[in-house]
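*Asks:* Pasting a structure here, questions to come.
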Amino acid sequence: PLFAALIVCIAVLGNRVLEHRLVALLGEASFALYLLHVPAGNVLRVFGASDAYGAAYILGITLISVIVFKYYEEPARIALRSWSRRSPAQLAA
């Protein structure tokens, strides 16, 4: 039902939903979320966290993925782009 509501919302509101800063940030941080959600879930299981913490887990891992994106993935991407633009002579030095 939530997915259907999302599709209807996007169809009615057009690209305004997808262009919102928060939605764009979550989209950019989705790779970090993909990489982190299983290890974080495993850590919670080791410590015996129950399913009652589901909403807190979702909010927490989303926040962590945004932080990882802003302070690790994005700076690394910028550094790699600047490194890849160097000439072969600069790379050899």
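The values are calculated or read from the model by the stated rules, or taken from the named source; none is laboratory data. Keep in mind that what you see is a predicted model, and the values were worked out from it rather than measured. Neighbour counts are summed over all protein chains in view; Cβ atoms, including those assigned to glycine, are modelled from backbone coordinates with ideal geometry. Heavy atoms of the whole protein, side chains included, go into the accessibility calculation; ligands, DNA and RNA do not. Shrake-Rupley method; radii C 1.70, N 1.55, O 1.52, S 1.80 Å.
*Asks:* Using beta carbons and a limit of 8 Å, which pairs, at least six apart or on different chains, have the first residue in region 40-54 and in contact (Cβ under 8 Å) with a residue 12 or more places away in the chain and more than 17 Å from VAL68 (Cβ to Cβ) and the second one open to solvent by 80 Å² or more (accessible area, probe 1.4 Å) and assigned to a helix (DSSP H, G or I)?
*Replies:* Hits for this filter: LEU44/TYR53.
*Asks:* Same structure again: Name every residue in region 5-29 that is in a helix (DSSP H, G or I), open to solvent by less than 80 Å² (accessible area, probe 1.4 Å) and not hydrophobic (A, V, I, L, M, F, W, C), in order of residue number.
*Replies:* GLY27
*Asks:* Considering only region 32-53, state which residues are farther than 21 Å from LEU22 by Cβ and exposed (fewer than 11 other Cβ atoms within 10 Å of the Cβ).
*Replies:* Passing the criteria: VAL38, PRO39, ASN42, VAL43, ARG45, VAL46, PHE47, GLY48, SER50, ASP51, ALA52.
*Asks:* Also, I was wondering about something else. Considering only region 63-81, state which residues are open to solvent by less than 100 Å² (accessible area, probe 1.4 Å) and either out of contact with any helix residue (DSSP H, G or I) (no Cβ under 7 Å at 6 or more places or on another chain) or of a type in the set (A, V, I, L, M) (or both).
*Replies:* Scanning region 63-81 gives ILE64, VAL66, ILE67, VAL68, LYS70, GLU74, PRO75, ALA76, ARG77, ALA79.
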